[in-house]
Amino acid sequence: MAVIINDTCINCGACIDECPVEAIVDEDDNPTGEDTYYVHSDKCVECVGHHDEPACATSCPTEGCITWDAIGASPAHRDDITDEQRSNHEPVVE
Ligand code: SF4
Ligand code: SF4
């Protein structure tokens, strides 16, 4: 599990320096191509062992921008993933 930055991100940069494991990248390095900051889920440790709460979410001024992927998300069904989504290699969350 990891945290997700959604499209309400205003690219303020407040979160990136708060991450203890450098899991966050800015819009220039966002692998999805979106013009927002991005959390690499394979690096994010949810701040366990570093902070009592996720430091990125605490620092973010945009309410609801950083969410936990377990909230409101369900695993996408293989049959529902389009060819375009596959070729883009974007995370698919329903
Ligand atoms: S929850 Fe912690 S480890 Fe994960 S991206 Fe946010 S600041 Fe980094
Ligand atoms: S703190 Fe929030 S709004 Fe600012 S760059 Fe990070 S995710 Fe985007």
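The values are calculated or read from the model by the stated rules, or taken from the named source; none is laboratory data. Treat the numbers as computed from the prediction; the structure is a model and nothing was measured. As a convention, Cβ positions derive from the backbone with ideal geometry for all residues, glycine included, and neighbour counts pool all protein chains shown.
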Can you run down the residue pairs with Cβ atoms below 7 Å, 6 or more apart or on separate chains, where the first is in segment 1-19 and at pLDDT 95 or above and the partner is within 7 Å of ligand 1 (Cβ to nearest atom) and of a type outside the set (A, V, I, L, M)?
Cys15/Cys56; Glu18/Cys56; Cys19/Cys56
Scan segment 45-57 residue by residue and report those that are within 13 Å of ligand 2 (Cβ to nearest atom) and either touching a strand residue (DSSP E or B) at 6+ places or on another chain (Cβ under 9 Å) or over 19 Å from Thr8 (Cβ atoms) (or both).
Pro54, Cys56, Ala57
Given (1) more than 7 Å from ligand 1 (Cβ to nearest atom); (2) more than 13 Å from the chain's Cα centre (by Cα); (3) not charged (D, E, K, R), where does Cys9 come up short, assuming only one miss?
(2)
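Within segment 1-59, track down each residue that is part of a loop (DSSP other than H, G, I, E, B), acidic (Asp, Glu) and loosely packed, with under 13 Cβ neighbours inside 10 Å. Write out each step before concluding.
Of the residues in segment 1-59, the ones part of a loop (DSSP other than H, G, I, E, B) are 1-2, 6-15, 19-23, 26, 30-37, 40-54.
Then keep just the ones that are acidic (Asp, Glu); that gives 7, 22, 26, 34-35, 42, 46, 52-53.
Listed by number, the residues that qualify are Asp7, Glu22, Asp35, Asp42, Asp52, Glu53.
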Just to be sure I understand the filter: pairs with C-beta atoms under 7 Å, separated by 6 or more residues or on different chains, first member in segment 29-40 and within 9 Å of ligand 2 (Cβ to nearest atom), second member of a type in the set (Asp, Glu). Which pairs pass?
Thr36/Asp7; Thr36/Glu27; Tyr37/Asp26; Tyr37/Glu27
At pLDDT below 95 and either outside any loop (DSSP other than H, G, I, E, B) or among the basic types (Lys, Arg) (or both), is that true of Asp79?
yes
